[in-house]
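A.B. asks: Mind looking over this structure? Questions follow.
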Amino acid sequence: MDLALHVGLIIFISLIIFLVIGVPIAISIGLSSTLAMLIVLPFNGAMITSAQRVFLGTNSFSLLAIPFFVLAGNIMNTGGIAIRLINCANLFGRSLFGPLAQANVVANMLFGAISGSGVAAAAAVGGTISPIEEKEGYDKRYSAAVNICSAPTGMLIPPSNTLIVYSTVAGSVSISALFIAGYIPGILWGLGIMAVAAIMAKKLKYKAEKGGSFKEHLKTVLDAVPSLLLILIVIGGILKGVFTATEGSAIAVVYSLILSFIYKELKISDLPKIFLSSAQMSAIVIFMIGVSSIMSWTMAFAHIPQRIAQILMGITDSHAVILIIMNLLLLLIGTFMDPTPAVLIFTPIFLPIVESFGMTPVHFGIMLVFNLCIGTITPPVGPILFTGCKVGRVSIEEVFKWLLPFYAITIIILMLVTFMPSFSLFLPKLFGLIK
């Protein structure tokens with residue numbers, strides 16, 4: 001048995017065992033990686049190398065953006081920004097079938113574009129709009145399905161913590177290029193959900209709404225403008241080179257904090273709880289990045305990516321078939337693994353393969369994250385699925401049938417993103433971020 005196969009089996013089998021017995025995923029990754037490292041290095045060397053990899057994996061200036069964006073999202077969650085975005089989104093959905101559901105989709109896109117978190121969007125937007133939908137006679141299963149399937153758009157539309165993690169693992173990949181590349185796929189996802197929601201709403205006879213004066217509409221839009229300006233300030237500043245993504249994340253915190261105090265919906269007494277929650281969420285992500293660096297080093301040392309590439313190339317020499325196999329594997333992985341560890345584990349394996357036949361790291365990053373976003377809304381692990389069911393007060397069994405049409409449209413869009421690079425690369429090229 002060669003080294004690559006031996007190390008790969010130890011990582012895979014031990015990881016599965018640790019997860020089955022209930023060990024947290026970050027600890028499971030660290031332990032399985034260290035066990036595998038003992039195959040290639042003596043005990044002392046393995047322990048020293050493991051510690052070094054944890055330090056080097058987290059010793060990145062760009063990773064500072066993650067705790068800042070998490071903090072900004074939590075501040076916005078309690079600072080009155082969500083309801084203003086929902087009110088604004090409701091204007092866009094009014095003329096479509098299922099207007100409240102359409103507003104939910106647009107609000108998730110807007111809120112996700114500010115907070116960078118699909119779970120936060122599902123909780124904040126869904127928790128606000130679901131009771132209104134129920135009062136208007138919407139089926140709870142329909143409302144929950146729309147909220148669940150539109151929430152991941154915030155993981156593609158920048159700022160995206162998952163894309164920041166990918167940028168760190170992939171090496172010299174511009175965060176700015178990745179951010180701007182996520183816009184078209186993220187918007188396509190949202191539009192696809194809106195189309196399916198409208199078709200379902202027509203059958204359910206949830207008619208479009210009319211009414212409201214121009215003055216009322218103008219007031220609603222103006223009320224949301226300060227919140228929407230955050231997107232322009234942060235993303236615009238990053239793209240123009242005024243500040244880095246990390247500096248932009250700090251600006252997002254300051255801006256959202258000031259705005260929440262202006263809205264008078266955030267109290268000084270709320271801050272300790274917000275800071276603690278943000279620190280806990282950030283620590284989980286950063287620790288996972290650190291321990292996953294052990295796995296990445298071990299797999300690289302054992303030449304596992306090269307062996308997997310040989311196996312795939314041995315199956316077929318068709319690039320299209322290889323990409324379909326990768327998509328199927330990533331969709332399967334996403335059903336039981338969170339996006340962050342999946343990005344950390346599979347980027348070093350798959351990226352060299354796709355680069356060998358000319359796929360750019362930016363295009364692959366969007367394809368990878370798109371796949372894993374779908375995983376967040378599928379059982380058995382999907383965090384957005386569980387959050388959406390909780391706020392919508394439905395069980396997974398009740399809502400699953402209603403999710404199927406939305407799964408179908410996201411898979412279709414995934415295929416477009418995979419095989420039509422311009423969806424991901426047009427905007428980065430337009431802004432001169434890639435050649």
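A.B. asks: Could you tell me whether residue 246 is farther than 18 Å from residue 110 by Cα, of a type in the set (S, T, N, Q), in contact with a helix residue (DSSP H, G or I) (Cβ under 6 Å, 6 or more places away or on another chain) and in a helix (DSSP H, G or I)?
C.D. replies: Details: farther than 18 Å from residue 110 by Cα: yes; of a type in the set (S, T, N, Q): yes; in contact with a helix residue (DSSP H, G or I) (Cβ under 6 Å, 6 or more places away or on another chain): yes; in a helix (DSSP H, G or I): yes.
The answer is yes for residue 246.
A.B. asks: Is it true that residue 70 is at pLDDT 85 or above and either in a helix (DSSP H, G or I) or surrounded by fewer than 22 Cβ atoms within 10 Å (Cβ to Cβ) (or both)? Even if it seems obvious, please write down each step before you answer.
C.D. replies: Values: at pLDDT 85 or above: no; either in a helix (DSSP H, G or I) or surrounded by fewer than 22 Cβ atoms within 10 Å (Cβ to Cβ) (or both): yes.
It is false that residue 70 is at pLDDT 85 or above and either in a helix (DSSP H, G or I) or surrounded by fewer than 22 Cβ atoms within 10 Å (Cβ to Cβ) (or both).
A.B. asks: Please list, ordered by first then second residue, the pairs with beta carbon atoms under 6 Å, 6 or more apart or interchain, first in segment 308-320 and without any contact (Cβ under 8 Å) to a residue 60 or more places away in the chain, second outside any helix (DSSP H, G or I) and not charged (D, E, K, R).
C.D. replies: Pairs found: 319/357.
A.B. asks: Okay, moving on. Do you know which residues across segment 37-73 are closer than 18 Å to residue 169 by Cα and of a type in the set (Gly, Ala, Ser)?
C.D. replies: Listed by number, the residues that qualify are 50, 51, 57, 60, 62, 65.
For every residue, the table says whether it meets (1) within 23 Å of residue 365 (Cβ to Cβ); (2) of a type outside the set (Val, Ile, Thr); (3) in contact (Cβ under 8 Å) with a residue 12 or more places away in the chain; (4) crowded, with 17+ Cβ neighbours inside 10 Å.
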| position | (1), (2), (3), (4) |
| --- | --- |
| 386 | no, yes, no, yes |
| 389 | no, yes, yes, yes |
| 395 | no, yes, no, no |
| 399 | no, no, yes, yes |
| 402 | no, yes, yes, yes |
| 409 | yes, no, yes, yes |
| 418 | yes, no, yes, yes |
| 426 | yes, yes, yes, no |
| 430 | yes, yes, no, no |
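A.B. asks: Sticking with this structure for a sec: Cβ contacts < 6 Å: first residue touching a residue at least 12 places away in the same chain (Cβ under 8 Å), restricted to segment 337-357; second residue among the basic types (Lys, Arg), any location; separation 6+ or different chain. Result?
C.D. replies: Listed by first residue and then by second, the contacts come to nothing, as the list is empty.
A.B. asks: Could you look through segment 255-275, keep only residues that are among the β-branched types (Val, Ile, Thr) and farther than 14 Å from residue 74 by Cβ, and pick out the one that is surrounded by the most Cβ atoms within 10 Å (Cβ to Cβ)?
C.D. replies: Within segment 255-275, the first condition is being among the β-branched types (Val, Ile, Thr), and the residues that meet it are 258, 262, 268, 274.
Checking the rest, the ones that are also farther than 14 Å from residue 74 by Cβ come to 258, 262, 268.
Values: 258: 14, 262: 12, 268: 7.
If we take residues in segment 255-275 being among the β-branched types (Val, Ile, Thr) and farther than 14 Å from residue 74 by Cβ, then 258 is surrounded by the most Cβ atoms within 10 Å (Cβ to Cβ).
A.B. asks: Name the one entry in 419, 431, 423 that is at pLDDT below 90 and out of contact with any Ser or Thr (no Cβ under 7 Å at 6 or more places or on another chain). Outline the logic, then answer.
C.D. replies: Numbers: 419 fails: at pLDDT below 90; 423 fails: at pLDDT below 90.
Matching residue, one of 419, 431, 423: 431.
A.B. asks: Another one. Name every residue in segment 102-142 that is closer than 15 Å to residue 78 by Cα and polar (S, T, N, Q), in order of residue number. Break it down into steps so the answer makes sense when it comes.
C.D. replies: First pass over segment 102-142, keeping only residues closer than 15 Å to residue 78 by Cα: 111-112, 114-115, 117, 119-128.
Those that are closer than 15 Å to residue 78 by Cα and polar (S, T, N, Q): 115, 117, 128.
A.B. asks: Turning to a different aspect of this structure: Evaluate segment 320-328: report whether one residue or more is under 30 Å from residue 5 (Cα atoms), of a type in the set (A, V, I, L, M, F, W, C), surrounded by fewer than 17 Cβ atoms within 10 Å (Cβ to Cβ) and more than 24 Å from the chain's Cα centre (by Cα).
C.D. replies: If we filter segment 320-328 for residues that are under 30 Å from residue 5 (Cα atoms), which is where we start, we get 320-328.
In the following step, the residues that additionally are of a type in the set (A, V, I, L, M, F, W, C) were identified as 320-326, 328.
With surrounded by fewer than 17 Cβ atoms within 10 Å (Cβ to Cβ) added as a condition, the list becomes 320-321, 324-325, 328.
Checking which are more than 24 Å from the chain's Cα centre (by Cα) leaves us with 320-321.
Yes: segment 320-328 contains one or more residues that are under 30 Å from residue 5 (Cα atoms), of a type in the set (A, V, I, L, M, F, W, C), surrounded by fewer than 17 Cβ atoms within 10 Å (Cβ to Cβ) and more than 24 Å from the chain's Cα centre (by Cα).
A.B. asks: Take the conditions assigned to a helix (DSSP H, G or I), within 17 Å of residue 175 (Cβ to Cβ) and not hydroxyl-bearing (Ser, Thr, Tyr) and apply them to residue 251. Does it pass?
C.D. replies: On the way: assigned to a helix (DSSP H, G or I): yes; within 17 Å of residue 175 (Cβ to Cβ): yes; not hydroxyl-bearing (Ser, Thr, Tyr): yes.
Answer is yes for this residue.
A.B. asks: Then there is this: Considering only segment 384-392, I want to know if a residue exists there that is touching a helix residue (DSSP H, G or I) at 6+ places or on another chain (Cβ under 9 Å), of a type in the set (Phe, Trp, Tyr), modelled with pLDDT under 95 and not in a helix (DSSP H, G or I). It would help to see each step written out before you state the result.
C.D. replies: Restricting attention to segment 384-392, the residues satisfying the condition of being touching a helix residue (DSSP H, G or I) at 6+ places or on another chain (Cβ under 9 Å) are 384-392.
From the residues that got through so far, the ones that are of a type in the set (Phe, Trp, Tyr) too are 386.
Next cut, modelled with pLDDT under 95 only: 386.
After this cut, where a residue has to be not in a helix (DSSP H, G or I) as well, the list is none.
Checking segment 384-392: not a single residue is touching a helix residue (DSSP H, G or I) at 6+ places or on another chain (Cβ under 9 Å), of a type in the set (Phe, Trp, Tyr), modelled with pLDDT under 95 and not in a helix (DSSP H, G or I).
A.B. asks: Restricting attention to segment 198-225, report how many residues are closer than 10 Å to residue 97 by Cβ and either at pLDDT 85 or above or part of a helix (DSSP H, G or I) (or both).
C.D. replies: 9
The values are calculated or read from the model by the stated rules, or taken from the named source; none is laboratory data. This structure is a prediction, so every number in the text was calculated from the model and none was measured. Every residue, glycine as well, gets a Cβ built from its backbone with ideal geometry; the counts of neighbours run over all protein chains shown.
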